[in-house]
Amino acid sequence: MERFDRYLIGLVLVHFIVNLVHATAHFALGILPAGLDLVFIVGVILIGPLVALVILLFNPPLAAGLLAVLMGASFVYGVVSHFLVPGPDNVAFIGSQTWTALFVGTAFLLGVLELGVLLVAVIAFWAAARTPSEPVARVG
């Protein structure tokens with residue numbers, strides 16, 4: 001197992017745990033996603049990276065590319081919904097409640113983790129693309 005693969009596994013698992021804590025704060029504050037938001041959160045942000053870890057066992061370049069796409073999409077979604085668009089999910093519009101600090105802290109931490117996974121995934125993909133899996137056969 002390559003060093004970047006270990007980093008990806010660790011970062012994705014930490015990302016998943018922080019997402020569970022963030023979801024707990026969401027529920028405690030009564031901010032419940034619905035419709036396409038819920039589909040995106042469950043499919044792309046929660047399940048997608050775990051599926052990519054399974055793919056990592058069989059096809060590391062594909063898994064790294066998939067993680068880069070998933071984390072890029074997750075980062076954009078999180079920045080838009082937590083920091084740019086006014087609404088109940090925006091950290092600036094949440095009143096001071098018991099769960100507010102945890103909600104804001106985990107929203108920020110998720111962004112940092114998503115950028116970290118994105119960076120490591122791009123490096124892992126690039127390294128795998130530059131390293132041939134088999135030696136080149138010589139002619140003659």
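The values are calculated or read from the model by the stated rules, or taken from the named source; none is laboratory data. Just so we're clear, the structure is a prediction, and the values are computed from it rather than from any experiment. Reconstructed Cβ throughout: ideal geometry from the backbone, glycine too, with neighbour counts over all protein chains shown. Ligands, DNA and RNA are excluded from the accessible area calculation, which covers all protein heavy atoms including side chains. Shrake-Rupley method; radii C 1.70, N 1.55, O 1.52, S 1.80 Å.
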With every protein chain kept in place and a 1.4 Å probe, the chain has an accessible area per residue in Å² of 60
With every protein chain in place, the accessible area of TYR77 for a 1.4 Å probe, in Å² rounded to the nearest 10, comes to 50
Relative contact order of the chain (C-alpha contacts under 8 Å, at least 6 apart) in percent is 36
If N is the residue count of region 1-56, its Cα Rg over 2.2 N^0.38 Å rounds to 1.31
Taking 67-74, 102-109 and ranking on average Cβ neighbours within 10 Å, highest first, one gets 67-74, 102-109
Labelled set (i) 14.7, 49; (ii) 17.8, 75; (iii) 18.5, 69; Rg and Dmax of the Cα atoms in Å computed from this model equals the value at (ii)
Note, region 30-40: 3J(HN,Hα) by Karplus (6.51, -1.76, 1.60, θ = phi - 60°), whole Hz, Gly/Pro = x, goes x, 9, 10, x, 9, x, 5, 4, 5, 4, 5
Rounded to a whole %, the carbon-and-sulfur portion of the accessible area of the chain at a 1.4 Å probe is 74
In whole Hz, the Karplus estimates of ³J(HN,Hα) for region 90-105 (6.51, -1.76, 1.60; θ = phi - 60°; x where Gly or Pro) are 7, 5, 7, 9, 8, x, 7, 10, 4, 8, 4, 4, 5, 4, 5, x
